[in-house]
Amino acid sequence: MNYREAMAYVEELQQYGSVMGLDTMRELCARLGNPQEQLKFVHIAGTNGKGSVLAYVSTVLQAAGYKVGRYLSPTIRDYRERFQINGKMITQVGLCRYLDIVKEAAEAMAAEGLPHPTPFEIETAVAFLFFADKQCDIVVLETGLGGSLDATNIVKNTIVAVFTSISMDHMGILGETPEQIAMAKAGIIKNGCYVISIKQSPEVMKILRQAALLRKAKFFTADVTRAKNIKYGVTKQHFTYDKYKNLEIKLAGQFQIENAVVALEVLMALSKLGYPIPEDKLRQGMAETKWHGRFEVIGQKPLFIADGAHNEDASVKLAESIRFYFTNKRIIYIMGVLKDKEYDKVIRNTFELAEHIITVTPPVRDRALHAYDLAQAIREYHGSVTVADSVQEAVEIAYLLAGLDKDTVIIAFGSLSYLGELMDVVEHRDTIRRDSHGRLEED
């Protein structure tokens, strides 16, 4: 297949939805020669922060000279972002090649009366083939949903299992309490591996520690209170953690210090497991780490922030960062959410900080909450809401409302699915404003 046909096939796969369980994935990978068994993994589970930790760990490992596979979802701008080696996406030709192989195996399964693999199972199999074929030294793997029954959990060679913050999300699938969700996520712990977790609630920590003990895994806590000399900023931040003095990161948001601390504990564990990382390379990798759509500055004059806060825990952290960084600033929101998320809690946690809220409809078939319905929900709490017909219109309205006020900040958040288009719109607008000397015109 060519790339256009590959994208059409990916769209067709949506009919198979999402099914928890490993039987279909085991069958699919067995037919592909079990490529995942040729690889070593850092496996990351959690409600929020998985992507940022993945970005820190993989960037540092790359700086240290390792060939590092990254598998992540959802993506912001390009479907191929799911499959990366040393920060570079799979080529269109490569994606078509591996999709062809997996498609043949999936169709053979269906022809034999077996369940057809889901989109996520197909994508995960493509990732394993790609990383094994390119002989990655290590793969940093992000779970889709949960842990024990997630398609990624077919892997056996996990050397470090990582847990970012565990809170309420995907309750209908994973459980109705943090403890039930933690039990599902704890399934990624493998015999004898290292386990790194942020400091969770006592109930969640108990479950993770018990799972580690059962599998004779070494458990370590990444405690952000041990981070010292923190200097916060929107474009760069500094902190000290254990022997690493005055580390620099460029990801913004108070919560990024915690994510960086988790990554440091993972990297220290990897050093003990045969992946030594010189300190200068660790510093370089931490400073070079990028992660799109997480409290990311995408525009200036006025300051424009994009953030993927789409659930209760993330919205609390977003509100904390807005209060911390933008005290006494005038705030304009752009919001777009999915209807299967707890968007009412997201609204309640954030609404009071905004002067005006603009709603958009994310481009996600069947799951998107229409901008009008979101606006109706917001009006229960906030009286100044505008419904935009498109992301383009939402951005234009936000800039019109902001005017030339240098004390205004525009913050777009909610589903990651619309942030890629939003970034393109903002980038295009800034390009148009460039003068003949290639500089942004002064407002």
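The values are calculated or read from the model by the stated rules, or taken from the named source; none is laboratory data. Small disclaimer: the values here were computed from a predicted structure and weren't measured. Neighbour counts are summed over all protein chains in view; Cβ atoms, including those assigned to glycine, are modelled from backbone coordinates with ideal geometry. Remember, those area values only see protein heavy atoms, side chains included, never the ligands or the DNA or RNA. Shrake-Rupley method; radii C 1.70, N 1.55, O 1.52, S 1.80 Å.
This table checks each residue for (1) part of a strand (DSSP E or B); (2) farther than 17 Å from residue 47 by Cβ.
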| position | (1), (2) |
| --- | --- |
| 147 | no, no |
| 156 | no, yes |
| 191 | no, yes |
| 209 | no, yes |
| 228 | yes, yes |
| 246 | yes, yes |
| 253 | no, no |
Pairs, first at pLDDT below 95 in segment 1-19, second surrounded by 12 or more Cβ atoms within 10 Å (Cβ to Cβ) and among the polar types (S, T, N, Q), C-beta under 6 Å, six or more apart = 16/118; 18/118; 19/118
Strands (runs of 3 or more DSSP E) contained entirely in segment 280-350, each with at least 3 residues that are under 19 Å from residue 369 (Cβ atoms) | 330-336
How about segment 353-386: which of its residues are at pLDDT 95 or above, surrounded by fewer than 19 Cβ atoms within 10 Å (Cβ to Cβ) and more than 23 Å from residue 322 (Cα to Cα)?
-> 370, 372, 373, 376
Which of (1) within 23 Å of residue 140 (Cβ to Cβ); (2) within 22 Å of the chain's Cα centre (by Cα); (3) not in a helix (DSSP H, G or I) does residue 53 not meet, given it meets every other one?
-> (3)
For segment 387-398, how many residues meet the condition of being open to solvent by 80 Å² or more (accessible area, probe 1.4 Å) and part of a loop (DSSP other than H, G, I, E, B)?
-> 1
Please find, within segment 134-178, the residue that is most open to solvent (accessible area, probe 1.4 Å) out of those that are acidic (Asp, Glu) and modelled with pLDDT under 85.
-> 176
Would you check if residue 62 is under 21 Å from residue 41 (Cα atoms) and open to solvent by 10 Å² or more (accessible area, probe 1.4 Å)?
-> yes
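Can you tell me which residues in segment 151-166 are within 25 Å of residue 314 (Cα to Cα) and of a type in the set (Val, Ile, Thr)?
If the condition is that a residue be within 25 Å of residue 314 (Cα to Cα) and of a type in the set (Val, Ile, Thr), then 152, 160, 162, 164, 166 are the ones that fit.
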Among the residues of segment 30-52 satisfying the criterion of being more than 30 Å from residue 252 (Cβ to Cβ) and among the basic types (Lys, Arg), which is surrounded by the most Cβ atoms within 10 Å (Cβ to Cβ)?
-> 40
Since residue 403 meets every condition but one in (1) at pLDDT below 95; (2) in contact with a helix residue (DSSP H, G or I) (Cβ under 6 Å, 6 or more places away or on another chain), which condition does it not meet?
-> (2)
Among the residues of segment 4-39, write down those that are in a loop (DSSP other than H, G, I, E, B), closer than 22 Å to residue 132 by Cβ and out of contact with any strand residue (DSSP E or B) (no Cβ under 8 Å at 6 or more places or on another chain).
-> 22, 32, 33, 34
Starting from residues that are farther than 21 Å from residue 85 by Cα and of a type in the set (A, V, I, L, M), keep the ones in segment 107-129 and report whichever is least open to solvent (accessible area, probe 1.4 Å).
-> 109
From the list 239, 304, which one is of a type in the set (Phe, Trp, Tyr), out of contact with any Ser or Thr (no Cβ under 7 Å at 6 or more places or on another chain) and either over 17 Å from residue 323 (Cα atoms) or open to solvent by 20 Å² or more (accessible area, probe 1.4 Å) (or both)?
-> 239
Among what's in segment 307-325 and is among the hydrophobic types (A, V, I, L, M, F, W, C) and open to solvent by less than 10 Å² (accessible area, probe 1.4 Å), pick the residue that is nearest to residue 344 (Cα to Cα).
-> 309
Count of residues meeting criterion [out of contact with any strand residue (DSSP E or B) (no Cβ under 8 Å at 6 or more places or on another chain) and modelled with pLDDT under 95] in segment 40-78 = 5
Restricting attention to segment 282-294, which residues are over 12 Å from the mean Cα position of the chain (by Cα) and either aliphatic (A, V, I, L, M) or open to solvent by less than 10 Å² (accessible area, probe 1.4 Å) (or both)?
-> 282, 285, 286, 287, 289
Answer yes or no: is there a residue in segment 348-361 that is under 30 Å from residue 18 (Cα atoms) and without any contact (Cβ under 8 Å) to a residue 24 or more places away in the chain.
-> no
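Considering each of 401, 416 in turn, give the residue that is in contact with a Pro (Cβ under 7 Å, 6 or more places away or on another chain), open to solvent by 10 Å² or more (accessible area, probe 1.4 Å) and either touching a residue at least 24 places away in the same chain (Cβ under 8 Å) or of a type in the set (A, V, I, L, M, F, W, C) (or both).
416
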Residue 350: passes all of (1) at pLDDT 95 or above; (2) surrounded by fewer than 18 Cβ atoms within 10 Å (Cβ to Cβ); (3) more than 16 Å from residue 304 (Cα to Cα) but (2)
Scan 104, 12, 27 and give me the residue that is farther than 20 Å from residue 275 by Cβ, surrounded by 17 or more Cβ atoms within 10 Å (Cβ to Cβ) and charged (D, E, K, R).
-> 27
Does residue 354 satisfy the condition of being small (Gly, Ala, Ser) and more than 18 Å from residue 421 (Cβ to Cβ)?
-> yes
